[in-house]
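Notes follow once the structure below has been shown.
The values are calculated or read from the model by the stated rules, or taken from the named source; none is laboratory data. Here the structure is a predicted model, which is why all the values come from computation and not from measurement. Quick reminder, even Gly has a Cβ in these numbers, built from the backbone with ideal geometry, and neighbours come from all protein chains shown.
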Amino acid sequence: MKILITGGTGFIGKALRKELIFNNHELTILSRYKREGSEKLKFISWHWKHPKDLTEIIDGMDIVINLAGESVAGKKWTPEQKEKLRRSRIETTKAIVEAINKSTKKPKKLISASAVGIYGDRKDEKIIEDSILGSDFLASICKDWELEARKVETCRGTSLVILRFGIVLGANGGALEKILPPFKMFIGGPLGAGKQYMSWIALDDVAGIIKYAIDNDHISGIFNATAPNPVTNKEFSNVLGKILNRPSFMPVPAFALRFLMGEMADIVLTGQKVLPERVQAAGYEFKYEKLRDALKSILKESAAGSPSLSRTI
C-alpha cells in the first residue's frame, strides 16, 4: 500500500516506519526538513507553521497516518509553548482532512493520533472509550484534535480511526528516556504520592495496533491504545527498580515538581486508569500485557547499546 505519515520522524514514527517497510508498504513522510530516502521511503518537506496544500500528495494514497504534534513534555508550558502544542496538532490535522476532502482518489482510511489525556485526571476510575471526557488543558487540546479529525467522516470513501495513546514505552526514547536516569543514580522513586495511574503501552504494540488497523477494513472509530493492565506510578517505580536492581523508594515531592515544571507537572502528577476495551474486542492481541514483561524486553534492547545499563539487568 501507499501510506503517508505525518510525525514519521518521531519516536513512534520511526518504529512504525520500520514495521511498515518490513511489510513492503511504500511510505511518504511529511517532515520539517527534507531527508534522503529510498525506493520505499520518501520524505517531503512540510511544516504546520507554513502549511501548503497537501491534496496532490494525498491523492492516490491508500492510508494516511497522522502522528504529528509538538512534544507535551519537551518544554515548560509558557503561553507560547501551549499555543504550539495546540496548533501543531490542530493545524496539521486540519490540512490533512481538507486535502482528503479535495482529493480525487481518496485514501480508504485516516488513522489519527490522540491521547488518554482527553479523559482528564480520573484517580482510580476505570476508563473505557465511552467514558466522559475531561476539561483541563490537555483534555481540551485532545478534544479539538479529535474534532478536526472527525471532519473526514463527512467525506465518502474514507473511514476514520482515532487512537488515544497512553504512555509509550520503548528503547532509546519516549517516556523511559526521562524516567531511567534517576534510577541509574540510585534515586528513583514515585512522583508525588505515587497513586496516580499510568496507562502505558509498549512501542511494539503501538506499531502493532496501527498495522492491525491498516490490515483490517472493519476497524474504525475511537480506540484506547493502552495495555490491558495499567499500574499506579508507585507500582511502576517498584517494577522498574526490581528489574534494574535499584532502589525505588525516593519519592519526588509534588511541590518540587510543580516548582520545576509549572503546569506541565500535571502530566506526571495526574493520571487515568484506561482500558483498551474496543481494541481487544476488535481482535487485536497484545504482545505485552504486563508491565514487567514489557520493561524487561525494552531494557534488554536498550542495554545492547549501553554497557552500563546491561550490568544492571
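So, L240, is that one within 24 Å of Y288 (Cα to Cα) and modelled with pLDDT of 95 or more or not? So L240 passes the test.
Annotation note: of I243, I222, the sole residue that is in contact with a Lys or Arg (Cβ under 9 Å, 6 or more places away or on another chain), in contact (Cβ under 8 Å) with a residue 40 or more places away in the chain and over 20 Å from V274 (Cα atoms) is I243. Close Cβ contacts (under 8 Å, 6 or more residues apart or on different chains) running from residues in region 8-23 that are of a type in the set (A, V, I, L, M, F, W, C) to residues that are modelled with pLDDT under 95 and assigned to a loop (DSSP other than H, G, I, E, B) comprise L16/G8; I21/K40.
Within region 237-264, the set of residues being touching a Pro at 6+ places or on another chain (Cβ under 8 Å) and assigned to a helix (DSSP H, G or I) comprises S237, G241.
Which of the residues that make up region 90-142 are over 28 Å from N229 (Cβ atoms) and crowded, with 20+ Cβ neighbours inside 10 Å? T92, T93, A95, I96, V97, A99, I100, S103, K106, P107, K109, L110 - these are the residues of region 90-142 that are over 28 Å from N229 (Cβ atoms) and crowded, with 20+ Cβ neighbours inside 10 Å.
Please enumerate the residues belonging to region 266-298 that are closer than 30 Å to F255 by Cα and of a type in the set (S, T, N, Q). T270, Q272 - these are the residues of region 266-298 that are closer than 30 Å to F255 by Cα and of a type in the set (S, T, N, Q).
Screening region 122-142 for residues that are assigned to a loop (DSSP other than H, G, I, E, B), touching a residue at least 60 places away in the same chain (Cβ under 8 Å) and within 20 Å of the chain's Cα centre (by Cα) and picking the one that is nearest to F223 (Cα to Cα) gives E129.
So that you can scan it fast, the table gives a plain yes or no per residue for (1) more than 20 Å from the chain's Cα centre (by Cα); (2) more than 19 Å from S140 (Cβ to Cβ); (3) of a type in the set (F, W, Y):
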| residue | (1), (2), (3) |
| --- | --- |
| M1 | yes, yes, no |
| G8 | no, yes, no |
| A15 | no, yes, no |
| N23 | yes, yes, no |
| S31 | no, yes, no |
| S45 | yes, yes, no |
| H50 | yes, yes, no |
| E83 | no, no, no |
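Residues in region 163-200 that are part of a strand (DSSP E or B) and either touching a residue at least 60 places away in the same chain (Cβ under 8 Å) or hydroxyl-bearing (S, T, Y) (or both): L163, R164, F165, V168, L169, G170, G173, L191, Y197, M198, W200. For the residues A207, A171, A149, the requirement of being over 22 Å from K76 (Cα atoms), out of contact with any Leu (no Cβ under 7 Å at 6 or more places or on another chain) and small (G, A, S) singles out A171. Cβ-Cβ contacts under 9 Å between residues 6 or more apart (or on different chains), taken from a first residue in region 36-50 that is over 21 Å from I90 (Cβ atoms) to a second residue that is in a strand (DSSP E or B) and aromatic (F, W, Y), are listed as E36/F43; G37/F43. Anything in region 4-51 that is under 24 Å from K84 (Cβ atoms), modelled with pLDDT of 90 or more, hydroxyl-bearing (S, T, Y) and part of a strand (DSSP E or B)? List them, or say none. Residues satisfying the conditions are T6, S45.
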